[in-house]
1. Over the residues of the chain, compute the C-alpha Rg and express it relative to 2.2 N^0.38 Å.
2. Evaluate the Debye formula for the stretch 71-123 with equal point scatterers sitting on the alpha carbons, no solvent, and hand back log10 of I(q)/I(0) at q = 0.26 Å⁻¹, in q order, two decimals.
3. Pick from ALA210, ALA132, ALA108: which residue has the top mean-square fluctuation in a GNM of the chain where Cα pairs under 10 Å get a spring?
4. Could you give each residue of the stretch 82-98 its phi-based ³J(HN,Hα) in whole Hz, using Karplus coefficients 6.51, -1.76, 1.60 with θ = phi - 60°, and x for Gly or Pro?
5. Find how many whole Å separate the alpha carbon centroid of the stretch 171-250 from the alpha carbon centroid of the stretch 125-139.
6. Which lysines have a Cα less than 27 Å from the Cα of LYS85, not counting those fewer than 8 places away in the same chain?
7. Each label point is 7 Å from the Cα along the Cα-to-Cβ direction; what then is the distance between the points at HIS161 and ASP217, in nm?
8. Can you compute the FRET efficiency between VAL15 and LYS94 using 1/(1 + (r/R0)^6), with r the Cβ-Cβ distance and R0 = 25 Å? Round to the nearest 0.05.
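The values are calculated or read from the model by the stated rules, or taken from the named source; none is laboratory data. These figures come from a predicted structure and were not determined experimentally. When we count neighbours, we look across all protein chains shown, and the Cβ atoms used for this are built from the backbone with ideal geometry, even at glycine. We work out accessible area using only protein heavy atoms, side chains counted, and drop any ligands, DNA or RNA first. Shrake-Rupley method; radii C 1.70, N 1.55, O 1.52, S 1.80 Å.
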Amino acid sequence: MSVKVEVFSKEHLAVSLAYDVAQLSTKFTRERGAFTVVLSGGSLIKYLRKLVEPPYVDSIDWSKWHVFWVDERVVQKDHLDSNYKLANDGFLSKVPIPPTNIYAIDDALPADGAADVYETNLRRLVKSNVIATSTTELPKFDLMLLGMGPDGHVASLFPGHPLLMEDKKWVTFIMDSPKPPSERITFTLPIINSASNIAMVVTGQGKANAVYSALGDNQNTDKLPVQLVSPEGEMKWYLDLGAASKLFKE
């Protein structure tokens, strides 16, 4: 694994992220004829806004994009808590990605059923080579765009939760999320760690302690979920000054 850490102003973070995403889109579209992108919710989406502006919006081959969610709240797609709605309103509806290439959860199903169907779809797309395969025969997404909570959680994998140990399922569900809404589906750590590239986008002073735990000289043996993110490929942290503030005090 290769790890890079960069600190930006909020505006420069959005510009750098858009540039890197566009570069990866071009690379994988040329190499594979497809670009598989995994989104999370939260503030990440607003930092993708530059992608819908020139020069990026006109230089990306959107027809080759395939979009997934690393986690989703089990609510209707038009619900305010829906990560699909957040991404669609803020980004996806503004670019010409084919609707069949956007893989939202089946919001008619309960959490366990939605997780099973999502995993079945991933397996189908791996079999048809839309999604690449890792050395351990897991789905190898081209780019996974992750955020992190103030408690160090990623996707819907929370500190101390048994799902952190799940290594059989690709997609699972949680009924007792400590952050509402309580019912969610989520990729498991083995799937997250199989990615070719992970962009960890973390902003705000409220996340400085968790950033320090992950990247600073921290001897705590109880690892946060974000510390368990260790992809096969490249990982880059995109931090703003607030999130990185405790790193400067070492």
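1. On the way: Rg = 17.0 Å, N = 250, 2.2 N^0.38 = 17.9 Å.
Relative to the rule-of-thumb radius for its length, the chain sits at 0.95.
2. -1.08
3. The residue that fluctuates most here is ALA108.
4. 6, 5, 4, 4, 4, 5, 5, 5, x, 8, 5, 5, 9, 10, x, 6, x
5. 24 Å
6. Answer for LYS85, where 27 Å is the Cα cut-off: LYS10, LYS46, LYS50, LYS64, LYS77, LYS94, LYS140, LYS169, LYS179, LYS207, LYS236, listed by chain and number.
7. Computed distance between label sites HIS161 and ASP217 equals 3.4 nm.
8. The formula returns an efficiency of 0.90 here.
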